[in-house]
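Everything below concerns the one structure shown next.
The values are calculated or read from the model by the stated rules, or taken from the named source; none is laboratory data. What you see is a predicted model, and the numbers here were worked out from it, not measured in a lab. As a convention, Cβ positions derive from the backbone with ideal geometry for all residues, glycine included, and neighbour counts pool all protein chains shown.
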Amino acid sequence: MSRWLPFEWIAAIRFLREGRMQTLFIITGIAIGVGVIVFMSALLTGLQANFIKRVLTSQPQIQLIPLDQIARPLRNAPGVFENASVQRPSQRVISVDQWQKVRDRMQSMPEITAISPTMAGSALAIRGAASRAITISGIEPTSYFTIVRIPDYVVAGVPRLNSQDIIIGTELAKDLGATVNDKLNVQAATGTPVVLTVTAVLDLGNKAVNERNTYVALRTAQSLLGIIGGVTTVDLTVKDIYAAETLAKRIEGSNAVEADSWIATNAQFFTAVQAQKTSNTMIRLFVALSVAFGIAAVLVVSVIQRSKDIGILRAMGASRGQVLRVFLIQGGVLGFVGAIAGSVLGAGGLMYWHSAMRQADGSELFPLMLERDLFIATALLATATGLVAAMVPAIRAAKLDPVVAIRG
Amino acid sequence: MDDPVLRLDRICKAYNVGLPSETKVLHDVDLTLKRGEFLALMGPSGSGKSTLLNIIGLLDRPTSGHLFIKGQDTALLNDAALTRLRGHTIGFVFQDHHLISAFTAVENVLMPLLVDAEFAGPDIVQKANALMARVGLAKVADNRAMNMSGGQQQRVAIARALAMSPDLLLADEPTGNLDTQSAGGVFDLMREVNRESGTTILMVTHNLDLAKRCDRIVDVVDGRITA
């Protein structure tokens, strides 16, 4: 017998070892439960991270745009209202009011990680007899590329944007029969037409987007669209993407802009993410509950089976507290060992699933995210569940009257 | 120490007190055990022997009367203090040995020393092994208790009862389930312990031959001590 262990631990471990079948079955049960939690959590984290990465590397997390232009009825005198029918004015392309100041204010906010002013508008791309309607985004490459990772989507050429350059999508390139180093004639309703050189062709993963989206230097867009020195949006990325909406509201409160967060513009996606999180929490909760009841059931039976042993231990001088701890430790050990077995099971299942399930193009369906924190949290949760579940049986054991227990 | 190891003063025990089914099991029992005495407690089944033994062993409380262990009135002690006094002073040997099956023989002997931090020390394993040797079971010390013969199990139980060097050893029909030869061996062992260590022993038995070999015989009949 190991002398370095306190009595409670020796007794708990010996009792577990003697009830081999019970112990084995309950640990298997816990392991399956924990395995499901690990598998589901890691899978959902992976899928979610994948979705978010896809959504958030191709668009800013908050966009600042000019306030809507509205028409107000005129009043003749205080208290006198005209029964005017007010039409909504057409929305001209206008610049964000004093956008440099807005940008400076954004720079001072610690929650914001990247800021990029953009001049966007519609134009016509013409090459020979072919012409296509396009969306022009005038950007500052260094800051914009940290928000939307344009270089990641390049299929041909290099993502260079000097004043005479343009980056176009694959579909537009196909429609216009253009490729890298070819020249395009670009013309907007206002402003000056320009001739631009294609430096890169992008695949943004969406046909419509590949047909329309083009990128030019900010100054080129300003002169092309006839708004010199102006920007139509200020794009932001933030530290905590889930706080984007509240941050957007704060920005709206203190600046003369409309702030659209990715949460508001992708409401559907965000609802899906929330639903996944909720369902994951529910799964965890119910698995933890069934694990807890399993442990409690096994220990209740064990207390009954061992009532004689408990009586003898009490007669030998063991205190109620010691008997209580013997059973609490059993619960904790069951939870902990089950959690380790379950983590191995869940991680193994995930690795198998990850290698077996591939997308049509052979790339991974979801990134394999086996985070250390998940395993630590699961082990702690399972151990705590074991301890809590052991509470009722342990108290019952501690309350046993030694005389009655020994007599059986 | 002039106090007797054990003194019972008008001990009464009744069950279902205050109910129509109230049963009195013990009536004004007076009994004194001097240090080093080996006493046999005899009496027919249902006479209250076991109840008396449980009260003496601090496993049960009397309805009235006082129980003194080494001069200390146990009526004044709470549950934790009783557990501690029991753990330090009283060793038990039961009729049905009551070894813990999850442990090996020597671990059963070690148990009373492990449950109390005051006994903890690097030498307790040696002490347990020495006790196993003393009861003649050094060779099978690491066997599971369940894999031993009845006589061997009872010897392990005696070794366990002696582990914390008790002042008083309570034996409830220790030879009741054994054949004559094993019973004689177990009794001889207890007699030897009594002589060599001066341990006071109170043994409940139905075996008149063994009882006659004790220092004194006390008969319990209908909850009263008659001789």
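Only one of the numbered conditions (1) within 28 Å of the chain's Cα centre (by Cα); (2) of a type outside the set (Val, Ile, Thr); (3) surrounded by 21 or more Cβ atoms within 10 Å (Cβ to Cβ) is not met by A:Pro151, and that is (3). For the stretch B:27-41, check the following and say yes or no: at least one residue is over 17 Å from B:Phe68 (Cβ atoms), aromatic (Phe, Trp, Tyr) and in contact (Cβ under 8 Å) with a residue 40 or more places away in the chain. Within the stretch B:27-41, one or more residues are over 17 Å from B:Phe68 (Cβ atoms), aromatic (Phe, Trp, Tyr) and in contact (Cβ under 8 Å) with a residue 40 or more places away in the chain.
Among the residues of the stretch B:170-189, those that are modelled with pLDDT under 90 and under 27 Å from B:Asp3 (Cβ atoms) comprise B:Asp172, B:Pro174. Of the listed requirements (1) closer than 24 Å to A:Gly321 by Cα; (2) among the charged types (D, E, K, R); (3) in contact (Cβ under 8 Å) with a residue 60 or more places away in the chain, B:Asp172 misses just one: (1).
Regarding the stretch A:328-342, can at least one residue be identified that is in contact (Cβ under 8 Å) with a residue 24 or more places away in the chain and touching a strand residue (DSSP E or B) at 6+ places or on another chain (Cβ under 6 Å)?
We begin by selecting, within the stretch A:328-342, every residue in contact (Cβ under 8 Å) with a residue 24 or more places away in the chain; these are A:328-342.
Subsequent filtering for residues that are touching a strand residue (DSSP E or B) at 6+ places or on another chain (Cβ under 6 Å) retains none.
No, because not a single residue in the stretch A:328-342 is in contact (Cβ under 8 Å) with a residue 24 or more places away in the chain and touching a strand residue (DSSP E or B) at 6+ places or on another chain (Cβ under 6 Å).
Residue by residue, here is whether (1) of a type in the set (A, V, I, L, M); (2) more than 9 Å from chain B (Cβ to nearest Cβ); (3) surrounded by fewer than 23 Cβ atoms within 10 Å (Cβ to Cβ); (4) not in a helix (DSSP H, G or I) holds:
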residue	(1), (2), (3), (4)
A:Ala297	yes, yes, yes, no
A:Val301	yes, yes, yes, no
A:Ile304	yes, yes, yes, no
A:Ile310	yes, yes, no, no
A:Ala318	yes, no, no, yes
A:Leu324	yes, yes, yes, no
A:Gln330	no, yes, no, no
A:Val333	yes, yes, yes, no
A:Ile340	yes, yes, yes, no
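For the stretch B:52-68, which residues satisfy the criterion of being touching a residue at least 40 places away in the same chain (Cβ under 8 Å) and within 14 Å of chain A (Cβ to nearest Cβ)?
Selection gives B:Leu52, B:Leu53, B:Ile55, B:Ile56, B:Gly57, B:Asp60, B:Pro62.
When the stretch B:78-93 is filtered for residues that are buried (at least 18 other Cβ atoms within 10 Å of the Cβ) and away from chain A (no Cβ under 11 Å), nothing remains. The single condition among (1) under 11 Å from B:Ala159 (Cα atoms); (2) without any contact (Cβ under 8 Å) to a residue 40 or more places away in the chain; (3) away from chain A (no Cβ under 11 Å) that B:Val135 does not satisfy is (2). Test A:Ile376 against the criterion of being touching a residue at least 60 places away in the same chain (Cβ under 8 Å), assigned to a helix (DSSP H, G or I), surrounded by fewer than 21 Cβ atoms within 10 Å (Cβ to Cβ) and away from chain B (no Cβ under 14 Å), and give yes or no. Judged against the criteria, A:Ile376 is not a match. Quick check, is A:Leu67 outside the structural domain of A:Gln330 (by TED's automatic domain parsing) and farther than 30 Å from B:Ala117 by Cα? Yes, satisfied. For the stretch A:35-56, indicate whether the set of residues that are modelled with pLDDT of 90 or more, within 14 Å of chain B (Cβ to nearest Cβ) and either part of a strand (DSSP E or B) or surrounded by 17 or more Cβ atoms within 10 Å (Cβ to Cβ) (or both) is non-empty. The answer is no; no qualifying residue exists. Going through (1) crowded, with 22+ Cβ neighbours inside 10 Å; (2) within 14 Å of another protein chain (Cβ to nearest Cβ); (3) in contact with a Ser or Thr (Cβ under 7 Å, 6 or more places away or on another chain) one by one, A:Val291 falls short only on (2).
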